[in-house]
Amino acid sequence: MIRPRQLRLGDSIAIISPASEIASFPRRTRRGLDALRDMGYRPECTPHALNTHGHDAGTPQQRAADIQHAFAHDGYAAVVASTGGYTSLTVLQHLDYSAIAQQPKILVGHSDVTALLLAIYARTGLVTFHGPTLLPSLGDAAGIHPQTAWWFNRVLRHNEGSLTYPSGLSVYSEHEMYWDKDDDRPREYVPDTGAESITAGVAEGPLIGGNLDTLLPLALTSFFPNLQGCILFIEEMAGTTSKTIRGLQALEHAGILGCIVGLVSGRRFRYADSPEPAGVRSVLKEIGTKYGIPVLDNMPIGHTEPKLTLPIGVRARLDSQALELSLLEPTVVHD
């Protein structure tokens, strides 16, 4: 396992667009960059981050070149994705993983960026981070939510050893506004009811996961990490109960559920059958019972705000009955 160097105030952060273009949203992009500056960092967009190539920010080769540039540039301490999309998987074959391993840096993203996070971890052993992206999390009219910012900093700057995540945050929002049209007003938040234990138990193993829709096609490639003995975390957006159940069944048929030691499911985002797709929890319970693993549901990870930042590859402990997910190792190297 390779840990990147810790993030420090004043560090430069490279902004990449590994999938969708963001040129159509200049106001939200500007606010996201300003939010990073307000946090004490110096964001810089990579050469193609603001480009447009259809719905993407460039060809797969151009987007891959930006990622390579961000890791090779000595001035950058971290790499943060601007947003997700659907095509991060198309850059994977164009990356030089040995070069990335030689210059390890913090890499943060979620949603479709799961493909990049998992591929780099699988090919290099570099710890990557499932956390906020520029436009979705930092581009709100009010800036980044304080709890999202706190956990970003806690995990990337100050985690020297063990750390226990909260089972919930004070509030959450799945309020979605059209970027650069009606997103000039604050988000609407509701109280967070917190995580729920689905099946009780305790497990330890590397923490690995991401967006379920992205994880499934990646599992068909050589870029998918070994999940044997891991604690798997998953999240999904704009789904339905049936869609999520289908995804969970696919994980089972692929043999993934049979090799993990624990499962953490994130809070569901903008489900068509909201407010509570109880059927998902029923299937999660079946999984936990069948495989004898602890299962925790409704953790504040993924597409809702605020969100936690989770390391991929760091050893963790899941105590689902106590509603605790804890890191057992440092996430970054301290100077």
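All of the numbers you see were taken from the coordinates with simple rules; none came from a lab. The structure displayed is predicted, hence computed values, not measured ones. Every residue, glycine as well, gets a Cβ built from its backbone with ideal geometry; the counts of neighbours run over all protein chains shown.
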note = Given backbone amide H placed at 1.01 Å from N, residues whose amide H is under 5 Å from that of Ala78, ignoring those fewer than 5 places away on the same chain, are Ala14
task = Give me the number: length gained by fully extending Ser242 to Ala101, i.e. 0.36 nm times residue separation minus the C-alpha to C-alpha distance, one decimal in nm.
result = 46.8 nm
ask   = Once every DSSP H run of n ≥ 4 in the chain is given -39500 (n - 2.57) and the sum is divided by its residues, what mean residue ellipticity at 222 nm do you get, rounded to the nearest 500 deg cm²/dmol?
value = -8000 deg cm²/dmol
key: Using alpha-carbon coordinates, inclination of helix 26-38 to the longest axis of the chain, degrees   = 80
query = HN-Hα J couplings of segment 310-321 from phi, Karplus 6.51/-1.76/1.60, θ = phi - 60°, integer Hz, Gly and Pro as x?
reply = 10, x, 9, x, 7, 5, 9, 10, 10, 10, 5, 5
remark   = Scalar couplings 3J(HN,Hα) for segment 52-57 by Karplus 6.51 cos²θ - 1.76 cosθ + 1.60 (θ = phi - 60°), nearest whole Hz, x for Gly and Pro, are 10, 9, x, 8, 9, 9
remark   = Under 5 Å from the placed amide H of Ile198, counting only residues 5+ away or on other chains, we find Val295, Leu296, Asp297
inquiry  = If you fit an axis through the alpha-carbon atoms of helix 241-253 and take the longest principal axis of the Cα set of the chain, what angle between them do you get, 0 to 90°, nearest 10?
reply    = 80
ask   = Could you give me the ³J(HN,Hα) list for segment 120-132, computed from phi with Karplus coefficients 6.51, -1.76, 1.60 and θ = phi - 60°, whole Hz, x at Gly and Pro?
value = 5, 4, 5, 7, 10, x, 6, 5, 10, 9, 8, x, x
message = Quick check on packing: order 5-11, 201-207, 121-127 by the mean number of other C-beta atoms within 10 Å, highest mean leading.
response = 121-127, 201-207, 5-11
inquiry  = Quick check: pseudo-label points 7 Å beyond the Cα along Cα→Cβ at Cys259 and Glu188, how many nm apart are they?
reply    = 4.4
task = Collect residues whose amide H, placed 1.01 Å from N in the peptide plane, falls under 5 Å from the amide H of Asp11; neighbours closer than 5 in sequence don't count.
result = Arg42
key: Packing-based order for 209-217, 225-233, 142-150, using average beta carbon neighbours within 10 Å, highest first   = 209-217, 225-233, 142-150
note = Nearest 10, in degrees from 0 to 90: the angle of helix 146-157 to the longest Cα principal axis of the chain is 80
key: FRET efficiency, Glu160 to His73 (Cβ-Cβ, R0 35 Å, nearest 0.05)   = 0.85
task = Report the one residue of Leu163, Gly292, Ser137 whose Cα lies farthest in the direction of the positive end of the charge dipole of the chain (charges on C-beta: Lys and Arg +1, Asp and Glu -1; origin at the Cα centre).
result = Leu163
